[in-house]
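Encoded as C-alpha cells, the structure appears first; notes follow it.
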Amino acid sequence: AVADPECATRIFMPTNAGLDIVSMNLIARTYESRTVGTRCLGAPILWQGRVHVPMLEEDGKVGVHALGPAGTALHRVEGLALDAGSAKWVRPLADRRQIVWMASTGQLVVKPGAGDVPEASLLPWPPGVTPSFELGSPYLSRSGHLWQQCSQQSDEGEEGQRFVFVQLGLGEPETRPASSPRLSTGSACFQLDARLRIAPWFD
C-alpha cells in the first residue's frame, strides 16, 4: 500500500489480468479500481520511488514494469525482457542496491544501471542447488547481504543432500554450507529450538 498527500491510499495487487490498483480516500469514503498491464508474475514492490512488478509480455518473456506511487505512467524499464514466463516467483526483497524476486529456477534481479536506468538479469542457482523457501525468509547478515537457504545435491559417492546458504543478487554467488537446516525469520535463525547468535552456517 502507498499513501500520498492527497489523502488517498493505493493498494497494488498482482493478478492474472494485470496490476490491480485500488485507490481509497478514507476521508471522502470513496474508492476506485483499475487494472493496468498484463499478467503479473510476482508481487509489486516500492523501490527508489517507483512501484516495480514483473509481468508476462505478449511474446512470452518477462518485463519489469515501473509505476509512479500514484499508479500512473506505467512503462517497461528498458532492456528487461527475460525468458522466464513459467517461473513461480515468491515475494520480492529489496535493499538500496537491488530488488530480488526468487523462483525455483533462479533469481530475477533489478539493479541501478548507467545513468540511474535500472537493469535486470536472470541469475540461475548454482548447479545442483534448489532453494528451500519452506524454511523461512532469507537471512540478512550484519553486513547487509541476503542469503537464501538451499539444499544441494551431494557429491558423487555421498548419500543424501546438504544445506547451503547462497548469497543473493550475484552471478557467481558465495555459498556457505550448514550442518543441518535452519529456520529463519530474516534477522534471526534457529537450529532446532536454539536461536543462533552468529551466522546460521555456524553451529
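The values are calculated or read from the model by the stated rules, or taken from the named source; none is laboratory data. Please read all numbers here as calculations on a predicted model, not as lab measurements. When we count neighbours, we look across all protein chains shown, and the Cβ atoms used for this are built from the backbone with ideal geometry, even at glycine. Areas reflect the complete protein model, heavy atoms only, side chains present, ligands, DNA and RNA absent. Shrake-Rupley method; radii C 1.70, N 1.55, O 1.52, S 1.80 Å.
Quick check: residue separation of Arg142 and Arg39 times 0.36 nm, minus the Cα distance between them. What number comes out in nm?
33.4 nm
Kindly provide the GluC sites (Glu not before Pro) of the range 132-203 that DSSP labels as loop, not H, G, I, E or B, and whose Cβ sees at most 13 other Cβ atoms within 10 Å.
Sparse-neighbourhood loop GluC sites (Glu not before Pro): Glu156, Glu158, Glu159, Glu174.
Can you work out the Karplus-derived ³J(HN,Hα) for every residue in the range 163-177? Use 6.51 cos²θ - 1.76 cosθ + 1.60 with θ = phi - 60°, whole Hz, and x for glycine or proline.
10, 9, 9, 10, 6, 7, x, 10, x, 10, x, 6, 10, 10, x
With contacts defined as alpha carbon pairs under 8 Å and 6 or more residues apart, what's the relative contact order of the chain in percent?
Relative contact order of the chain: 10 percent.
Rounded to a whole number, what % of the accessible area of the chain do carbon and sulfur atoms account for, probe 1.4 Å?
Solvent-exposed carbon and sulfur of the chain make up 51 percent of the total.
Find the accessible area per residue for the chain; the probe is 1.4 Å, ligands and nucleic acids are left out, and the unit is Å².
That works out to 56 Å² per residue.
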